[in-house]
Amino acid sequence: MAINDLGYREWDLEAKNNSGQWRTIAGFGIRVAWRSNWLRRIFIMAWIPIFIMGAYLFVIEQSIQDVDSDEFPQNVGRFFVVGLVYQRPEISNLTMLSKWNQRPEGLTRVLENLFNQGGSTNGAGRGKSRRQIMQSGLDFPVQDLEAVAAMTDEQLKQAYEVLNSNLLEQLRTSIQSRGGPSTALVAQSFESIQRSQQVARELITFDKDNNDVVDFRELVNYLRPTLWSEVLFLFFCLPQAFSVVIVIGMVAPKLISRDMKNRAFLLYYSRPITPWQYLLGKCAIVWAFLAGLTTLPAIMLYILGLSLSPDISVFLVTWQLPFKILLASCVLCIPTTLFALMLSSLTRESRIASFGWFVVWIMGSIAYGIMTFVEAIVKLQEQQNAVPSDQAMVFVEAGLAGRWAWLSPMQTLENMQSWVFGVDKQIGNLNISFLMVGLVCIACLAILRRRIVSPIRV
């Protein structure tokens, strides 16, 4: 039979799953980007803070071990740890809430006396001066903690109103006088007061020696995971944040714009690949570099802190931090990658995409500062006879409110990472931060899908 007479025959080969095509795109993109000498230098600089932060964790752990020592230089650690502990919002609020007995009718009066007298309650509390706290540390009688734990919602609302209305005044008073330590400069909310009540309930169980007082060592042991979280949060926000912005600006703008300029889509789509696999491959390129800048250094910092700790039992109270590191990395990497690739897909010139990337970050921070400044100016116009100190506090209050923080990508991501690590360092509304990031991610995905599919659309 002639070969041309065979006709059609049944296809008996098994179809193969091509879901791994994105790995080829990612591997090639990583190798090309890594050829940049500047990119390698940035990576070297980004890993240097690990050793600085590791020394910071070592000082914390060593200070915790010597916190009860009265000998020099061991007692220097107490001042360091006291400063870290008292700047925690839940602890500073709890210090104020625990200064009165459980008397609902006198709650507002006692709170007002507390602020007006710079921390003294004329016998209603157990206030200490700044020098006494720095020398002996903080302690909470169990009786006071039980009183705070038993406060009703109505009492907490009264406490919130007084604390919120007098916070800045108390900050000014504590700075000008030496009657007590200054309060942590954070915006108050009713949730923060409720959090302080929850801390009071948890601290009652930390009275391990049953002496009816939660002493400073027991308080530090309770806050140990939080202190570690603050170090990791600081690592993400200060040295790594700037490295991330620079690296994404160097890598991401070229990934799609050059494919559009060189018509590389013809090569990609000549293989069995879907648009989502193409997008995943491009995202994986950026994520690989971001993981080398944030996730891996943070994990190494955690391991370094464990190895330098004189008490390995710290692992039992900080084991959840690696999971928080992974979640904080996702919060940082996903929206920034999608936004950078979206800019890259809108133009065939990678320089324009890079320019747009840096403009958004710089102008967002500037817009946030300008709108906050304008808000403070408007409030000052309503206070014509305000003294200079009151005028300065208006600007502080506007900054703490953070109503325009969503304009700054840096501040928005910092708020979300603060929530992940549980350090309560948010400025502005956290819900707005999550909403803005979610809307940006959805918009970027829609635009990327449209731009990637357009070359193969008939």
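Just one of the listed residues (Ile303, Ile248, Ile299, Ile256) is part of a helix (DSSP H, G or I), surrounded by 21 or more Cβ atoms within 10 Å (Cβ to Cβ) and under 23 Å from the mean Cα position of the chain (by Cα), namely Ile248. If the condition is being in the same structural domain as Ala288 (by TED's automatic domain parsing), assigned to a helix (DSSP H, G or I) and among the charged types (D, E, K, R), then segment 26-64 contributes Arg31, Arg40, Arg41.
Taking the conditions exactly as written (buried (at least 18 other Cβ atoms within 10 Å of the Cβ) and among the acidic types (Asp, Glu)), does Asp311 satisfy them or not? The answer is no for Asp311.
Scan segment 429-446 for residues that are surrounded by fewer than 21 Cβ atoms within 10 Å (Cβ to Cβ) and under 20 Å from the mean Cα position of the chain (by Cα) and the total you get is 11.
Yes/no matrix, rows are residues, columns are (1) aromatic (Phe, Trp, Tyr); (2) over 21 Å from the mean Cα position of the chain (by Cα); (3) surrounded by fewer than 20 Cβ atoms within 10 Å (Cβ to Cβ); (4) at pLDDT 90 or above:
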{"site": "Gln384", "(1), (2), (3), (4)": "no, yes, yes, no"}
{"site": "Leu407", "(1), (2), (3), (4)": "no, no, no, no"}
{"site": "Ile427", "(1), (2), (3), (4)": "no, no, no, no"}
{"site": "Leu448", "(1), (2), (3), (4)": "no, yes, no, yes"}
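Listed conditions (1) more than 30 Å from Asn262 (Cβ to Cβ); (2) within 20 Å of the chain's Cα centre (by Cα) are all met by Thr337, apart from (1).
Conditions (1) part of a helix (DSSP H, G or I); (2) surrounded by 19 or more Cβ atoms within 10 Å (Cβ to Cβ); (3) in contact (Cβ under 8 Å) with a residue 40 or more places away in the chain; (4) charged (D, E, K, R), marked per residue:
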position: Glu230; (1), (2), (3), (4): yes, yes, yes, yes
position: Met260; (1), (2), (3), (4): yes, yes, yes, no
position: Arg271; (1), (2), (3), (4): no, no, yes, yes
position: Lys282; (1), (2), (3), (4): yes, yes, yes, yes
position: Val286; (1), (2), (3), (4): yes, yes, yes, no
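Could you please let me know if Arg23 is exposed (fewer than 13 other Cβ atoms within 10 Å of the Cβ), modelled with pLDDT of 80 or more, of a type outside the set (Asp, Glu) and in a helix (DSSP H, G or I)? Answer is no for this residue. If a residue must be in a loop (DSSP other than H, G, I, E, B) and of a type outside the set (S, T, N, Q), how many such residues does segment 211-228 contain? Of the residues in that region, 2 qualify. May I ask you to verify whether Glu397 is surrounded by 15 or more Cβ atoms within 10 Å (Cβ to Cβ), within 12 Å of the chain's Cα centre (by Cα) and at pLDDT below 90? Spelling it out, it is not the case that Glu397 is surrounded by 15 or more Cβ atoms within 10 Å (Cβ to Cβ), within 12 Å of the chain's Cα centre (by Cα) and at pLDDT below 90.
The values are calculated or read from the model by the stated rules, or taken from the named source; none is laboratory data. Everything numeric here is computed off the predicted structure, so don't read it as measured data. Cβ sites come from the backbone with ideal geometry, for glycine too, and all protein chains shown count toward neighbours.
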